[in-house]
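The values are calculated or read from the model by the stated rules, or taken from the named source; none is laboratory data. None of these values were measured; they are calculated from a predicted model. Ideal geometry is used to build each Cβ from the backbone, glycine not excepted, and the neighbour counts take in all protein chains shown. Ligands, DNA and RNA are stripped out before the accessible areas are found, and what is left, the full protein with its side chains, is counted by its heavy atoms. Shrake-Rupley method; radii C 1.70, N 1.55, O 1.52, S 1.80 Å.
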Amino acid sequence: MGEPFQLGRYALHAELAAGGMAAVYLARQAGPVGFGKTVAIKRLHPHLARDAYFATMFLDEARLAARITHPNVVPILDVVSTESELFLVLEYVRGETLSGLLRASRKKGTKIPIPIAAAIIVGLLSGLHAAHEAHDEQGKPLHIVHRDVSPQNLIVGADGVARVLDFGVAKAATRLQTTREGQLKGKIPYMSPEQLSGEVTARSDVYSAALVLWEALTCQRLLRGETEAQILHLAMTIEAAAPSTVNPEVPPALDAVVLKGLA
(Lines give C-alpha, C1' and ligand atoms only; values in the text may rest on other atoms or scores of the structure.)
Protein backbone atom coordinates (compact mmCIF):
# COMPACT_ATOMS: atom_id res chain seq x y z
CA MET A 1 0.00 0.00 0.00
CA GLY A 2 1.41 3.37 -1.06
CA GLU A 3 -0.47 6.37 0.35
CA PRO A 4 -2.36 5.73 3.62
CA PHE A 5 -5.97 4.66 3.10
CA GLN A 6 -8.37 6.48 5.41
CA LEU A 7 -11.13 4.54 7.17
CA GLY A 8 -12.92 6.96 9.46
CA ARG A 9 -10.39 8.15 12.05
CA TYR A 10 -7.96 5.38 11.13
CA ALA A 11 -5.26 5.70 8.47
CA LEU A 12 -4.26 2.29 7.10
CA HIS A 13 -0.62 1.90 6.11
CA ALA A 14 1.28 -1.33 5.37
CA GLU A 15 -0.52 -4.64 5.00
CA LEU A 16 0.81 -7.03 7.64
CA ALA A 17 -1.03 -10.21 6.67
CA ALA A 18 -3.92 -11.41 4.52
CA GLY A 19 -6.22 -14.40 4.51
CA GLY A 20 -9.38 -15.63 2.85
CA MET A 21 -11.70 -13.47 4.96
CA ALA A 22 -9.68 -10.45 6.00
CA ALA A 23 -6.46 -8.50 5.81
CA VAL A 24 -4.52 -7.00 8.71
CA TYR A 25 -2.95 -3.56 8.39
CA LEU A 26 -0.66 -1.37 10.42
CA ALA A 27 -2.73 1.73 11.11
CA ARG A 28 -2.70 5.03 12.92
CA GLN A 29 -5.60 6.24 15.01
CA ALA A 30 -6.07 10.02 14.98
CA GLY A 31 -7.63 11.92 17.86
CA PRO A 32 -8.10 15.46 19.11
CA VAL A 33 -5.25 17.85 20.00
CA GLY A 34 -2.69 15.82 18.10
CA PHE A 35 -3.38 12.51 19.85
CA GLY A 36 -2.28 9.48 17.84
CA LYS A 37 -1.97 5.77 18.49
CA THR A 38 -0.53 2.92 16.41
CA VAL A 39 -2.99 0.04 16.10
CA ALA A 40 -3.64 -3.00 13.95
CA ILE A 41 -6.75 -3.10 11.76
CA LYS A 42 -8.33 -6.40 10.78
CA ARG A 43 -10.45 -5.47 7.77
CA LEU A 44 -13.02 -7.86 6.37
CA HIS A 45 -12.63 -8.02 2.59
CA PRO A 46 -15.16 -5.49 1.21
CA HIS A 47 -17.02 -8.06 -0.92
CA LEU A 48 -17.55 -10.19 2.21
CA ALA A 49 -18.64 -7.26 4.37
CA ARG A 50 -21.89 -7.25 2.40
CA ASP A 51 -22.47 -10.98 3.06
CA ALA A 52 -24.55 -11.51 6.21
CA TYR A 53 -22.90 -14.87 7.01
CA PHE A 54 -19.35 -13.53 6.96
CA ALA A 55 -20.28 -10.23 8.60
CA THR A 56 -21.93 -12.05 11.50
CA MET A 57 -18.94 -14.39 11.87
CA PHE A 58 -16.60 -11.39 11.92
CA LEU A 59 -18.63 -9.56 14.56
CA ASP A 60 -18.83 -12.76 16.61
CA GLU A 61 -15.03 -12.69 16.81
CA ALA A 62 -15.14 -9.19 18.28
CA ARG A 63 -17.88 -10.09 20.74
CA LEU A 64 -16.06 -13.20 21.97
CA ALA A 65 -12.60 -11.66 22.15
CA ALA A 66 -13.98 -8.70 24.08
CA ARG A 67 -14.93 -11.11 26.88
CA ILE A 68 -11.31 -12.27 27.27
CA THR A 69 -9.13 -9.90 29.25
CA HIS A 70 -5.69 -11.37 29.71
CA PRO A 71 -2.06 -10.31 29.06
CA ASN A 72 -1.61 -13.33 26.74
CA VAL A 73 -4.52 -12.44 24.43
CA VAL A 74 -4.38 -9.60 21.89
CA PRO A 75 -7.27 -7.28 22.87
CA ILE A 76 -9.82 -5.74 20.52
CA LEU A 77 -10.08 -1.98 21.05
CA ASP A 78 -12.90 -1.01 18.70
CA VAL A 79 -15.34 -2.31 16.08
CA VAL A 80 -16.31 -0.18 13.09
CA SER A 81 -19.22 -1.07 10.81
CA THR A 82 -20.48 0.92 7.83
CA GLU A 83 -22.50 0.00 4.75
CA SER A 84 -19.39 -1.11 2.87
CA GLU A 85 -16.74 -1.69 5.56
CA LEU A 86 -16.38 -3.88 8.62
CA PHE A 87 -13.17 -3.91 10.63
CA LEU A 88 -11.76 -4.62 14.07
CA VAL A 89 -9.21 -2.41 15.77
CA LEU A 90 -6.67 -4.42 17.74
CA GLU A 91 -3.76 -3.55 19.95
CA TYR A 92 -0.64 -3.44 17.80
CA VAL A 93 1.97 -5.88 19.06
CA ARG A 94 5.46 -5.24 17.73
CA GLY A 95 6.95 -8.69 17.36
CA GLU A 96 6.91 -11.87 15.30
CA THR A 97 4.60 -14.85 15.05
CA LEU A 98 5.90 -18.21 16.21
CA SER A 99 5.64 -19.42 12.61
CA GLY A 100 8.00 -16.60 11.59
CA LEU A 101 10.44 -17.49 14.38
CA LEU A 102 10.40 -21.15 13.31
CA ARG A 103 11.03 -20.21 9.67
CA ALA A 104 13.98 -18.03 10.70
CA SER A 105 15.40 -20.82 12.89
CA ARG A 106 15.11 -23.40 10.11
CA LYS A 107 16.75 -21.00 7.64
CA LYS A 108 19.71 -20.52 10.01
CA GLY A 109 19.89 -24.22 10.87
CA THR A 110 19.32 -23.50 14.56
CA LYS A 111 16.64 -24.29 17.12
CA ILE A 112 14.70 -22.05 19.49
CA PRO A 113 16.29 -22.43 22.96
CA ILE A 114 14.20 -24.82 25.04
CA PRO A 115 13.48 -22.35 27.91
CA ILE A 116 12.24 -19.80 25.37
CA ALA A 117 10.08 -22.34 23.50
CA ALA A 118 8.57 -23.48 26.80
CA ALA A 119 7.89 -19.91 27.93
CA ILE A 120 6.14 -19.12 24.63
CA ILE A 121 3.82 -22.12 25.03
CA VAL A 122 3.14 -21.28 28.70
CA GLY A 123 1.91 -17.90 27.43
CA LEU A 124 -0.22 -19.64 24.81
CA LEU A 125 -1.76 -21.94 27.41
CA SER A 126 -2.43 -19.05 29.78
CA GLY A 127 -4.26 -17.15 27.05
CA LEU A 128 -6.27 -20.22 26.04
CA HIS A 129 -7.19 -20.90 29.67
CA ALA A 130 -8.53 -17.35 29.95
CA ALA A 131 -10.69 -18.01 26.87
CA HIS A 132 -11.90 -21.37 28.18
CA GLU A 133 -12.87 -19.80 31.53
CA ALA A 134 -14.49 -16.63 30.14
CA HIS A 135 -17.99 -15.70 31.33
CA ASP A 136 -20.69 -13.36 30.08
CA GLU A 137 -22.03 -10.35 32.00
CA GLN A 138 -24.35 -12.62 34.01
CA GLY A 139 -21.48 -14.92 35.00
CA LYS A 140 -22.51 -17.77 32.71
CA PRO A 141 -19.59 -19.67 31.11
CA LEU A 142 -19.16 -18.97 27.40
CA HIS A 143 -17.37 -22.28 26.64
CA ILE A 144 -15.05 -20.58 24.15
CA VAL A 145 -12.78 -22.91 22.17
CA HIS A 146 -10.25 -21.22 19.89
CA ARG A 147 -10.05 -24.25 17.50
CA ASP A 148 -7.39 -22.62 15.31
CA VAL A 149 -4.35 -22.84 17.61
CA SER A 150 -1.24 -22.78 15.42
CA PRO A 151 2.16 -21.04 15.18
CA GLN A 152 0.55 -18.48 12.86
CA ASN A 153 -1.91 -17.42 15.57
CA LEU A 154 0.67 -16.90 18.31
CA ILE A 155 2.69 -13.70 18.32
CA VAL A 156 5.73 -13.06 20.51
CA GLY A 157 6.09 -9.39 21.31
CA ALA A 158 9.33 -7.46 21.57
CA ASP A 159 8.57 -7.44 25.31
CA GLY A 160 8.91 -11.24 25.33
CA VAL A 161 5.22 -11.88 26.02
CA ALA A 162 3.44 -14.45 23.84
CA ARG A 163 -0.12 -13.51 22.87
CA VAL A 164 -2.92 -15.50 21.23
CA LEU A 165 -4.32 -14.04 18.02
CA ASP A 166 -7.46 -14.53 15.96
CA PHE A 167 -10.65 -15.87 17.50
CA GLY A 168 -12.28 -15.71 14.06
CA VAL A 169 -13.29 -19.39 14.00
CA ALA A 170 -13.72 -19.85 17.75
CA LYS A 171 -16.63 -21.92 19.00
CA ALA A 172 -18.76 -20.65 21.90
CA ALA A 173 -22.08 -21.45 23.49
CA THR A 174 -23.46 -18.02 22.58
CA ARG A 175 -22.05 -17.66 19.09
CA LEU A 176 -24.61 -16.26 16.66
CA GLN A 177 -23.15 -17.81 13.52
CA THR A 178 -22.82 -21.57 13.25
CA THR A 179 -20.49 -23.56 11.04
CA ARG A 180 -21.92 -24.41 7.64
CA GLU A 181 -22.50 -28.11 7.16
CA GLY A 182 -19.41 -29.96 5.97
CA GLN A 183 -16.99 -27.17 6.93
CA LEU A 184 -13.91 -27.68 9.08
CA LYS A 185 -12.83 -24.63 11.03
CA GLY A 186 -9.10 -24.33 11.61
CA LYS A 187 -5.88 -25.70 10.11
CA ILE A 188 -5.89 -29.47 9.59
CA PRO A 189 -2.21 -30.02 10.59
CA TYR A 190 -2.99 -28.63 14.07
CA MET A 191 -6.40 -30.18 14.73
CA SER A 192 -7.02 -32.96 17.22
CA PRO A 193 -8.55 -36.18 15.87
CA GLU A 194 -11.70 -35.35 17.86
CA GLN A 195 -11.97 -31.95 16.21
CA LEU A 196 -11.55 -33.53 12.79
CA SER A 197 -14.42 -35.84 13.72
CA GLY A 198 -16.62 -32.91 14.68
CA GLU A 199 -16.19 -32.89 18.48
CA VAL A 200 -14.82 -29.55 19.69
CA THR A 201 -13.96 -29.00 23.35
CA ALA A 202 -11.27 -27.16 25.30
CA ARG A 203 -9.20 -30.35 25.12
CA SER A 204 -8.90 -29.79 21.36
CA ASP A 205 -7.05 -26.54 22.05
CA VAL A 206 -4.77 -28.32 24.55
CA TYR A 207 -3.92 -30.96 21.92
CA SER A 208 -3.14 -28.25 19.36
CA ALA A 209 -0.98 -26.39 21.88
CA ALA A 210 0.97 -29.60 22.58
CA LEU A 211 1.52 -30.04 18.85
CA VAL A 212 2.75 -26.44 18.60
CA LEU A 213 5.11 -27.14 21.52
CA TRP A 214 6.44 -30.25 19.72
CA GLU A 215 7.26 -28.09 16.70
CA ALA A 216 8.73 -25.27 18.81
CA LEU A 217 11.12 -27.73 20.47
CA THR A 218 12.16 -29.48 17.25
CA CYS A 219 11.79 -26.71 14.61
CA GLN A 220 10.16 -29.36 12.43
CA ARG A 221 6.58 -29.96 11.32
CA LEU A 222 5.02 -32.96 13.03
CA LEU A 223 2.48 -33.66 10.27
CA ARG A 224 4.02 -33.47 6.83
CA GLY A 225 2.37 -34.62 3.63
CA GLU A 226 2.24 -33.67 -0.02
CA THR A 227 -1.56 -33.43 -0.07
CA GLU A 228 -4.27 -32.36 2.36
CA ALA A 229 -5.60 -35.93 2.30
CA GLN A 230 -2.23 -37.29 3.46
CA ILE A 231 -2.05 -34.75 6.29
CA LEU A 232 -5.63 -35.55 7.30
CA HIS A 233 -4.79 -39.27 7.46
CA LEU A 234 -1.71 -38.56 9.58
CA ALA A 235 -3.68 -36.29 11.90
CA MET A 236 -6.17 -39.10 12.55
CA THR A 237 -3.65 -41.93 12.98
CA ILE A 238 -0.20 -40.68 13.98
CA GLU A 239 1.39 -41.64 17.29
CA ALA A 240 3.86 -38.82 17.83
CA ALA A 241 7.44 -39.60 18.76
CA ALA A 242 8.92 -37.74 21.71
CA PRO A 243 10.50 -34.38 20.77
CA SER A 244 13.84 -35.64 22.12
CA THR A 245 14.08 -38.09 19.20
CA VAL A 246 14.59 -34.98 17.03
CA ASN A 247 16.18 -32.65 19.58
CA PRO A 248 18.21 -34.65 22.15
CA GLU A 249 18.42 -31.57 24.40
CA VAL A 250 14.72 -31.91 25.31
CA PRO A 251 14.56 -33.32 28.87
CA PRO A 252 12.42 -36.41 29.67
CA ALA A 253 10.01 -34.36 31.82
CA LEU A 254 9.23 -32.08 28.87
CA ASP A 255 8.86 -35.09 26.56
CA ALA A 256 6.24 -36.40 28.98
CA VAL A 257 4.31 -33.10 28.96
CA VAL A 258 4.21 -33.00 25.15
CA LEU A 259 3.16 -36.65 24.76
CA LYS A 260 0.45 -36.29 27.42
CA GLY A 261 -0.95 -33.29 25.54
CA LEU A 262 -0.95 -35.29 22.30
CA ALA A 263 -2.50 -38.40 23.84
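Here is how the numbers come out for the structure above:
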| item | result |
| --- | --- |
| Region 198-263 and region 85-116: distance between their alpha carbon centers, rounded to Å | 19 |
| 5 angstrom amide H check on residue 7, placed H, neighbours 5+ away | 12 |
| Mean separation of Cα contacts under 8 Å, 6 or more apart, over the residue count of the chain: relative contact order % | 14 |
| At least 24 Å along the helix axis (C-alpha) and Kyte average at least 1.0, DSSP helices within the chain | 114-132 |
| Under the Karplus curve 6.51 cos²θ - 1.76 cosθ + 1.60, θ = phi - 60°, whole-Hz ³J(HN,Hα) for region 41-51, x wherever Gly or Pro sits | 10, 9, 9, 5, 3, x, 6, 8, 4, 8, 9 |
| With every protein chain in place, region 18-111: carbon and sulfur % of accessible area (1.4 Å) | 55 |
| Most to least accessible of 69, 245 (protein chains only, probe 1.4 Å) | 69, 245 |
| Counted charge near residue 152, where neighbours are those whose Cβ lies closer than 9 Å (Asp, Glu -1; Lys, Arg +1) | -1 |
| Only Lys, Arg (+1) and Asp, Glu (-1) charged, at Cβ; the chain dipole about Cα centre in debye | 380 |
| Cα centroid separation, region 69-84 to region 1-22 (Å) | 15 |
| For region 1-83, with +1 on Lys and Arg beta carbons and -1 on Asp and Glu, the positive-most of 23, 38, 81 along the dipole | 38 |
| Accessible area, probe 1.4 Å, largest first, for residues 255, 159, 166 | 159, 166, 255 |
| Leading residue at positive end of dipole, the chain (Cβ point charges), from 247, 237, 58 | 247 |
| Residue-averaged [θ]222 nm for the chain, counting only DSSP H segments that reach four residues, each worth -39500 (n - 2.57) | -10500 deg cm²/dmol |
| Residue 122 accessible area, assembled protein chains, probe 1.4 Å, Å² | 90 |
| With all protein chains modelled, accessible area of residue 43 [1.4 Å, Å²] | 40 |
| Per-residue ³J(HN,Hα) for region 15-24, Karplus 6.51 cos²θ - 1.76 cosθ + 1.60, θ = phi - 60°, Hz, x for Gly and Pro | 7, 8, 6, 8, x, x, 9, 8, 10, 10 |
| Residue (of 48, 195, 212) at the positive-pole extreme of the chain, dipole from beta-carbon charges | 212 |
| Relative contact order for region 183-258, counting Cα pairs under 8 Å that sit 6 or more residues apart, in percent | 31 |
